[in-house]
Every structure is written in C-alpha cells, then in structure tokens.
Amino acid sequence: MAGPFNRAEAHLYPAVIGCDEVGRGALCGPVVVSAVFFDPTTVPPALLEALDDSKRLPAPRREALTAEILRCARVAVAAGSAAAIDRRGIRTMTLDAMRRAIRCLGLGAPVLVDGVDIPPDTGLECAAVVGGDRRVPQIAAASIVAKTTRDRLMAMLGSRHPAYGWERNAGYGTSIHIAALTRLGPTRHHRHSFAPVAQWCGSTRTGNELQAIAGLESSTSGSPTAA
C-alpha cells in the first residue's frame, strides 16, 4: 500500500537530512535515533512511495524497507542508553542522539527533524516539522530505520528477560510489562527515573501493594502504543 509520498512529485521534495527518534516514551531500553539523507529524485520511485510513518507499517514491511533504505541512502544511527536517560533526562538524551547521528553523516545538507525540538550544535541549518514522518520522505525513512533498529534490540533483550514481553511491547508499559515489574521489579535496562518504574526501585512495598498499584495504573492510563 502506497504511503503519503507521490513519485510524480519527487522533484518537489528537497534533498535534506531527515531525523527521527523511537523509544522516547518506553519504560526501558535506549532511545534510538536515525538520520537519513537522499535526493528523492534519485531513489527508486517504488521506495519513495512505500515510505510512511513507521507506526503505520507492519514489522515485516519495516524490515524490508530498512534494507532498501540502507542500500539507497546515507544512514546513521545513534542511541541514548537507559542509564544515560536516568542521569540526564529523556529530552536531553534524545537531542544528543540526534546531534550525533546527524554529525555522523558528515554532510552539509539542511536538516529536518520530526517534532518540535531541534538538536543543538549540529553545525547545520535545522528545522522541526510536526508530523514530519508523513510530510518529509527522509524523516519517514529515518523513523523506519530507527524503529527497526530498536525493535531488534528490544527483541534481543527480551530473550534474556522473557517475563517482560519486550519482543512484543518494545519496552512500553503494557499490562504484561507492568505485571512483570510487579512480580520481579526492574532490570538494569529499565529507566529507573520513569514512572511507574521508579516506584519499584528500592521499594519496600508488599506484593499486594504492588499489585494494587499496577491495577490502578492499568485502569487509568491503559497501555501506551509503541513509537
């Protein structure tokens, strides 16, 4: 199924670096950023039309597109670890990862970043684009690469900590994940500064109290959708 980008309008899309993040709202694992550069008039038209917000694409399609993007574009990936997020904050680490990914490309092209924040110290012209993963093809490509990369990592970590369901929830606060936190507490991969993880760090609550907390949160906030 075609995405929001039309091959007949390829000449209207500028040759820019697109940048996007995945994992900002997860309870564990890193935040992962990708920066992607290509000229929309020179990539395969079928690839251009297949690009979309990564959340709108099934995992097998993202995997296939990631391989094609890596073949046709300049790509860099950077991440901020859970420990660094706890030390410096999620916004700071997201912008830092964006800066590193952009600078890793070593290009002088303008940069368009999904969202409202612009990373500092890139040395390049930067602008933020709300909803950029459906408006700028390079941002869409970056969102696909970042999500594929992070999902692979979380599946690998999930094989080591199977109770939390990370291979399915990518570290977001689903009911399965919260239930495992209740029973087992956080791992070293969790963001201990994030609620609801923080309430289990060094907690002396009883099992019944933890079950009550988990039940309250699942009934009031639901299960976040993975980015």
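All of the numbers you see were taken from the coordinates with simple rules; none came from a lab. Since the model is a prediction, treat every value here as computed from it, not as a measurement. Please note: Cβ atoms are built from the backbone with ideal geometry, for glycine as well, and neighbour counts cover all protein chains shown.
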Cβ density ranking, 10 Å radius, fewest first, applied to 156, 93, 98 yields 156, 93, 98
Amide H contacts under 5 Å for residue 28, restricted to residues at least 5 apart in sequence or on another chain and with H modeled in the peptide plane, are 191
So residue 168 and residue 104, fully extended at 0.36 nm per residue minus their Cα-Cα distance, gain in nm 20.0 nm
Measuring from its Cα centre, the range 1-103 shows a charge dipole (+1 at each Lys and Arg Cβ, -1 at each Asp and Glu Cβ) which, in debye to the nearest 20, is 380 debye
Under the Karplus relation with 6.51, -1.76 and 1.60 and θ = phi - 60°, whole-Hz ³J(HN,Hα) for the range 21-32, x at Gly and Pro, equal 10, 9, x, 4, x, 6, 8, 8, x, x, 8, 10
Once both label points are put 7 Å beyond Cα along the C-beta direction, the residue 71-residue 8 separation in nm becomes 2.7 nm
Quick calc: nm separation of the 7 Å Cα→Cβ label points for residue 116 and residue 152 -> 3.3 nm
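Would you order 139, 176, 69 from fewest to most other beta-carbon atoms within 10 Å of each residue's own beta-carbon?
176, 69, 139
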Amide H contacts under 5 Å for residue 51, restricted to residues at least 5 apart in sequence or on another chain and with H modeled in the peptide plane, are 3
Given Cβ charges of +1 for Lys and Arg and -1 for Asp and Glu, the option among 136, 148, 199 whose Cα lies farthest towards the positive end of the dipole of the chain is 199
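Select from the range 1-82 those GluC sites (Glu not before Pro) which occupy a DSSP coil region and have at most 14 other Cβ atoms within 10 Å, ordered by residue number. Each step should come with its number before you reach the end.
Working: sites: 9, 21, 49, 63, 68; in loops: none.
Of the GluC sites (Glu not before Pro), not one in the loops of the range 1-82 has a Cβ with at most 14 other Cβ atoms within 10 Å.
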Computed Rg/Rh for the chain (Cα atoms; Rh = Kirkwood radius) stands at 1.02
Length gained, residue 199-residue 130, 0.36 nm per residue minus C-alpha separation, equals 21.5 nm
Per the helix-only model, the chain has a calculated mean residue ellipticity at 222 nm (DSSP H runs of ≥4, -39500 (n - 2.57) each, divided over all residues, rounded to the nearest 500) of -13000 deg cm²/dmol
